[in-house]
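Taking it in order: structure first as structure tokens, then the write-up.
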Amino acid sequence: MNCFSNMFLACLSVFLLAIACEGFGGRKAGGLTYVNPEDLEVQAYANFAVDEVNKRRNGFFKEKLVEVRQAQSQVVMGKMFHLNVTIQSTLCKKTDNTELEDCKFDQNAKKERCSLRVWVQPFLELGVPVPPTLEDPIICTKESSKISESDSRFQEFEDFRAKFERKYEVNSEEYVQKYYIFSDNMDTAKTYNEMEQGTATYGASKFADMTPAEFKEKHTGLKVDAKKPTPHMRQGKLPASTSPTPASFDWRTKGAVTPVKNQASCGSCWAFSTTGNIEGQWMIKKKHLLSLSEQQLVDCDKLDSGCEGGLPSNAYESIISMGGLEPESQYKYKGVDEKCELDKADIKVYINGSVNITSDESKMTTWLHSNGPISIGINAAMMQFYMGGVAHPFKIFCNPGSLDHGVLIVGYGTKAGIIWGENPYWIIKNSWGPDWGEEGYYLAYRGDGVCGLNTMCTSAEVE
Ligand SMILES: *[C@@H]1O[C@H](CO)[C@@H](O)[C@H](O)[C@H]1NC(C)=O
Ligand SMILES: *[C@@H]1O[C@H](CO)[C@@H](O)[C@H](O)[C@H]1NC(C)=O
Ligand SMILES: *[C@@H]1O[C@H](CO)[C@@H](O)[C@H](O)[C@H]1NC(C)=O
């Protein structure tokens with residue numbers, strides 16, 4: 001560690017103390033706060049901690065940070081960072097002068113999983129901030145090539161594997177890798193549970209053995225393309241009458257919603273969100289519920305990118321230029337990009353236009369009740385481990401500005417909370433099959449812009 005980086009960390013500590021009081025709503029003093037492992041400060045403190053580990057250990061070779069897996073901070077006379085990191089030995093000897101960042105990993109060395117705590121103190125010494133310290137104990141365990149009954153999540157993992165019929169063989173390389181991913185995910189789910197403001201619970205869903213990055217790539221697919229601004233959409237009109245909307249309402253009970261579908265490993269959520277909306281519009285206007293083809297959109301909608309993502313607002317335009325949609329039964333879902341096989345003679349449903357819907361959730365309630373299910377964009381980060389209940393996460397877990405998934409609001413209601421009183425919620429149809437969430441549905445708190453669910457609301461129009 002050179003002087004420059006010490007100064008950097010010292011300055012960083014002052015900066016952090018300055019913002020420490022800002023915090024976010026509902027944080028318990030002294031409680032743990034989740035921090036993004038990729039934050040610059042977190043990365044800087046993790047690298048500092050690994051440097052300290054190198055100084056305190058006797059090994060010949062320098063260890064280097066592979067990744068910060070999880071990070072939390074706590075206000076205790078300054079800040080304590082709890083970091084779960086993975087480190088691995090490099091080919092640089094400690095006696096070498098090579099900078100750690102230029103050292104190559106020793107691919108044959110076992111990775112180590114460490115829980116480290118870095119204390120960033122508020123004190124000044126001669127007017128200069130006291131540098132951070134790595135606290136004892138340093139707890140590291142080598143990743144083993146075998147998982148045994150004594151490993152802490154062994155039984156949970158076995159239960160998960162049985163429930164979702166995972167085929168990987170016990171203690172195969174894949175099994176061990178999945179075990180560690182599962183174990184990190186269950187730590188994350190535990191944090192989500194502790195921080196939940198609604199009634200939702202998080203745990204070993206069918207996506208519990210995927211890294212969050214892999215999950216996002218394979219199972220979402222809303223592509224918010226900054227380079228190509230969405231054309232301005234007409235604003236959807238609210239009914240002129242001022243009669244109040246009922247306290248709860250569900251388009252499923254009106255026969256306007258098809259059974260939950262499954263996008264599988266393809267970023268086609270946007271197509272499901274779109275067909276779900278049009279299925280509802282067609283049923284409401286033409287009194288006929290028909291399941292519509294997502295694969296037609298994946299293959300033929302050239303404004304969007306099939307399994308690589310898309311947007312409902314683009315899809316409406318494509319559908320108008322294609323002349324409409326074929327039913328699911330004519331153009332079946334494959335979950336991979338294929339060549340367009342649209343047969344205009346098989347088109348059964350058309351749309352005449354599309355509208356943008358207000359982001360005011362009480363007006364959205366009125367719109368939904370009088371017009372039908374709404375296509376929405378949402379940040380799906382917390383949905384990976386969702387097990388059921390009304391989800392009401394803090395905004396730091398679920399940035400409303402990072403939409404990555406397209407789904408469909410089909411209704412709303414209110415449930416009594418466990419601690420926090422009433423929980424008004426949206427009923428959201430997802431496209432991950434009925435064995436996820438509340439039989440394929442997600443209940444999200446209504447009225448707090450949860451995960452950005454009110455920021456990209458649209459509908460097709462059928463006349
Ligand atoms: C770090 O790992 C420990 C041990 O697996 C776990 O108990 C803890 O919840 C993890 N911390 C975070 C911030 O996830
Ligand atoms: C739709 O309305 C929202 C606010 O309600 C606005 O932020 C957004 O830019 C509009 N989108 C389009 C495509 O007009
Ligand atoms: C809606 O679109 C269909 C198909 O393009 C067309 O036949 C119909 O006339 C349109 N309706 C109105 C009111 O424009």
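The values are calculated or read from the model by the stated rules, or taken from the named source; none is laboratory data. Quick caveat: nothing in here was measured; it's all calculated off a predicted structure. All Cβ positions, glycine included, derive from the backbone under ideal geometry; neighbour counts span all protein chains shown. With ligands, DNA and RNA removed, areas are computed over all heavy atoms of the protein, side chains included. Shrake-Rupley method; radii C 1.70, N 1.55, O 1.52, S 1.80 Å.
With angles folded into 0 to 90 degrees, how steeply does helix 3-20 sit against the dominant principal axis of the chain? Use alpha carbons for both and round to 10.
Computed tilt is about 50 degrees.
For region 101-111, take each phi angle, set θ = phi - 60°, evaluate the Karplus expression 6.51 cos²θ - 1.76 cosθ + 1.60, and give the result in whole Hz per residue in order, putting x for glycine and proline.
Once θ is set to phi - 60°, the couplings for region 101-111 become 5, 8, 7, 7, 5, 8, 4, 8, 7, 5, 6 Hz.
Hey, with R₀ at 60 Å, roughly what FRET efficiency would Cys340 and Glu422 work out to, going by the Cβ-Cβ distance, to 0.05?
Working: r = 48 Å, r/R0 = 0.80.
After rounding, the FRET efficiency stands at 0.80.
Averaged per residue, what accessible area in Å² does region 126-237 show with a 1.4 Å probe, protein chains only? Before the final figure, lay out the partial values.
Numbers: 6620 Å² over 112 residues.
Accessible area per residue: 59 Å².
Hey, can you rank 315-324, 117-126 by average C-beta count inside 10 Å, highest first?
With the highest mean Cβ count within 10 Å placed first, the list reads 315-324, 117-126.
How large is the Kirkwood hydrodynamic radius of the chain, counting all unique pairs of alpha carbons, in Å?
Details: mean 1/r = 0.0406 Å⁻¹.
Kirkwood radius, the chain: 24.6 Å.
What is the Cα convex hull volume of region 76-197 when expressed per residue in Å³?
Working: hull volume 21.9 nm³, N = 122.
Here the figure is 180 Å³ per residue.
Kindly report, to the nearest 10 Å², the accessible surface of Asp346 as traced by a 1.4 Å probe over protein heavy atoms only.
Approximately 40 Å² of Asp346 is accessible to the 1.4 Å probe.
Rank these residues by their accessible area, most exposed first, probe 1.4 Å: Lys55, Lys79, Lys216, Lys339.
Largest accessible area first, the list is Lys339, Lys55, Lys216, Lys79.
Using the Karplus equation 6.51 cos²θ - 1.76 cosθ + 1.60 (θ = phi - 60°), what ³J(HN,Hα) coupling, rounded to whole Hz, does each residue of region 172-182 give in order, writing x for Gly and Pro?
6, 4, 5, 4, 5, 4, 5, 4, 5, 5, 4
Can you send over the solvent-accessible area of Leu65, 1.4 Å probe, protein chains only, in Å² to the nearest 10?
About 20 Å², rounded to the nearest 10.
Could you give the nm distance between label points at Glu173 and Gln235, where each point is 7 Å from its Cα heading toward the beta carbon?
5.8 nm
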